[in-house]
Amino acid sequence: MSEPILRGIRNRLLQEIARKAPGARSLRVWLNRWRGVHIGKGVWIGYDALIETSSPHLVTIKDGASLGIRCTVVAHMRERRGVTIEEDADIGTGAIILAGVTIGRGAVVAAGSVVTKSVPAQTLVQGNPAKPIAMVGMPLKGDVTVKEWVKHLKPIRK
């Protein structure tokens, strides 16, 4: 078998293990790094998250970011474009991030949203396609409750 085929098989096996493995901050992160995803420190990857199937090296997830359960990151379509998820960004459950997108530092993608365009830092986006609905006043992480986090949102008026 040729080397590219073996690399592809290895990548897909690691991906399938990573999707179901325990350890949102440990084993899942390690397996995705081994596949070639560029992952910073303190990253959280939810159960069954699908991170770029064939070109994992096109994805960068920076320090403190989190990817929700069953979210999908697609880093290429016909051309290779990549996806960057900046520090402390939060991708909600079931969200889809498409190729060529950067999720800004501290930005939040609401559950189930489809992100087709880059998201500015500290912005909450929602919908299909995802649109900015609020400015984020504090990162959604660690010991911050959702109730406390919501108090710091500033709605975007149109």
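The values are calculated or read from the model by the stated rules, or taken from the named source; none is laboratory data. Keep in mind that this is a model prediction, so the values were computed, not measured. Cβ sites come from the backbone with ideal geometry, for glycine too, and all protein chains shown count toward neighbours. To get the accessible areas, we keep the full protein, side chains included, count just its heavy atoms, and leave off ligands, DNA and RNA. Shrake-Rupley method; radii C 1.70, N 1.55, O 1.52, S 1.80 Å.
Work through the residues other than K62 whose Cβ is under 14 Å from its Cβ and net out their charges, Lys, Arg +1 and Asp, Glu -1. Mind dumping the intermediate values first?
Values: positive: R33, K41, R105, K141; negative: D63, E86, E87, D88, D90.
With Lys, Arg at +1 and Asp, Glu at -1, the net is -1.
Within the listed set I69, I133, I97, the Gaussian network model of the chain (springs between alpha-carbon atoms below 10 Å) gives the highest mean-square fluctuation for I133.
Restricting the calculation to alpha carbons of the chain gives Rg and Dmax of 15.5, 58 angstrom.
The Rg/Rh ratio for region 79-151 is 0.97, where Rg is the radius of gyration of the alpha carbons and Rh is the Kirkwood radius. Reducing region 77-105 and region 128-142 to their Cα centroids gives an inter-centroid distance of 14 Å. Using alpha-carbon pairs under 8 Å, 6+ residues apart, how would you state the relative contact order of the chain in percent? Value for the chain: 12 percent. Normalised by the number of residues in region 1-67, the average gap of Cα pairs under 8 Å and 6 or more apart makes the relative contact order 31 percent. In loop segments of region 1-109 as defined by DSSP, the trypsin sites (Lys or Arg not before Pro) with at most 11 further C-beta atoms inside 10 Å of their C-beta are K41, R78. For the residue pairs K41/K147; K62/K141; K131/K158, the C-alpha atoms sit more than 18 angstrom apart in K41/K147.
Can you give me the % of accessible surface on region 1-119 that is carbon or sulfur? Probe 1.4 Å, all protein chains present, nothing else counted. Numbers along the way, then the final one.
Values: 3230 of 5690 Å².
Heavy-atom surface of region 1-119 belonging to carbon and sulfur, 1.4 Å probe: 57 percent.
Each stretch of four or more DSSP H residues adds -39500 (n - 2.57); spread over every residue of the chain, this sum gives -6500 deg cm²/dmol at 222 nm.
Helix 3-20 and the long axis of the chain differ in direction by around 40°, with both axes built from C-alpha atoms.
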